[in-house]
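First comes the structure, then the notes that go with it.
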Amino acid sequence: MITLLLTCILSPFMSTFKLYLRATLINLCIFAVPVIKAQVNVVTSIRPLQLIAQAIIEDRGQVSSVVGIQDSPHDYLLTPSDRIELERADLLLWIGPEFEIQLTDIYLSLAESKPIITATKLSELSLLNYSSNEIDPHLWLSSSNGIAIAKALSKQLQEIDNANQKQYESSLERFERDINNTHSEILNMIADLQDQQYLVFHSAYEYFRRDYDLERGLALVTNPEVQPSMRELISFRRELKSFSPTCILLERDSNRDLADMALEAREIKIVTSDIQGFQIGGGPSAYNQLLLGVAKSFQSCLSN
């Protein structure tokens, strides 16, 4: 009887004590778990921009590209998983609507909720035009443009991830220094080859040609997505008759049959150039490797 009486009296206090003990344990568990800061997530439209972003972010976040290594930027179709990846990103980087029409709608819809860097809108960029109303989108093949994009990235990342502000500044300084060294190295590589004539499959090299005075080239087509007319092919062949090219530069997705037809079985050295950086691994020096790779393609093409 006494035991029953004590149980009735102490029961409310025991329940309160258990609740207090449970709350204390939960708080201890919460504070015992280390806080892991989420890394910055950047999504770029194409591989070359991804390589520039990796140089600035390094190990402080992740960078991915909508157009993957196995894809072609000329005929890429956006997938549902791409849309999810873009929506989850902290920062988006693309060339612009002039080049990436398939991304325009989703980029514009996301502009209200997250920062977006549009390369063609950067004031420090030097742009070339195919015509009065058509921008040449291959702007990453100019080292100075690469630096301008890196500066915009560094500035935006410092706002998103203020705790690593100094690190982003240091990454940008190193990037500029390395790019300037690469620029000097490329000038030395092609110094004796600038008088050589050559062909390219399409007009993707204008920025690189301008930077390194490789002006004696002739392009088969301006836009690889548009099949040239018979009149355009005849015009190309007419120009080719007064031209003595040492080789032709193709890309991985170039139309070889069209090139053969345009050249009319002319024997010529073929060099494949990786202007998208598909064959380059990641890391802080990857963009430098892309530029050096294009330079080596020209060196191989123009050397006898």
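A compact table of results
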read-out	value
Tabulated pairs, region 132-156, first in contact (Cβ under 8 Å) with a residue 40 or more places away in the chain and small (G, A, S), second surrounded by fewer than 20 Cβ atoms within 10 Å (Cβ to Cβ) and part of a loop (DSSP other than H, G, I, E, B), C-beta under 7 angstrom, 6+ apart or interchain	S142/S126; S144/S126
Subset of region 274-287 [without any contact (Cβ under 8 Å) to a residue 40 or more places away in the chain and closer than 18 Å to L139 by Cα]	D274
Enumerated helices (runs of 4 or more DSSP H) restricted to region 31-133, each holding at least 3 residues that are basic (K, R) and within 15 Å of the chain's Cα centre (by Cα)	none
Where A163 falls short, out of the listed (1) exposed (fewer than 14 other Cβ atoms within 10 Å of the Cβ); (2) small (G, A, S); (3) over 30 Å from D59 (Cβ atoms)	(3)
Residue among D213, D192 that alone is more than 26 Å from E58 (Cβ to Cβ) and surrounded by fewer than 12 Cβ atoms within 10 Å (Cβ to Cβ)	D192
Residue within region 169-185 that is surrounded by 20 or more Cβ atoms within 10 Å (Cβ to Cβ), closer than 30 Å to A89 by Cα and not assigned by TED's automatic domain parsing to the domain that holds G146 present	no
Criterion violated by I101 - all others in (1) buried (at least 19 other Cβ atoms within 10 Å of the Cβ); (2) hydrophobic (A, V, I, L, M, F, W, C); (3) free of Cβ contacts under 8 Å to residues at least 40 places away in the same chain satisfied	(1)
Criterion (closer than 30 Å to I147 by Cβ, under 20 Å from the mean Cα position of the chain (by Cα) and in contact (Cβ under 8 Å) with a residue 12 or more places away in the chain) met by exactly one of L214, L290, L249	L290
Top-ranked residue in region 185-199 [being more than 22 Å from the chain's Cα centre (by Cα) and in contact (Cβ under 8 Å) with a residue 40 or more places away in the chain; ranked as farthest from N304 (Cα to Cα)]	E185
Condition met for E124 (of a type in the set (D, E) and under 25 Å from D213 (Cα atoms))	yes
Qualifying residue in region 277-295 (condition: assigned to a loop (DSSP other than H, G, I, E, B) and in contact with a Pro (Cβ under 6 Å, 6 or more places away or on another chain))	yes
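The values are calculated or read from the model by the stated rules, or taken from the named source; none is laboratory data. All values derive from a computational prediction rather than experimental measurement. So basically every Cβ, Gly included, is an ideal-geometry build from the backbone, and we count neighbours across all protein chains shown.
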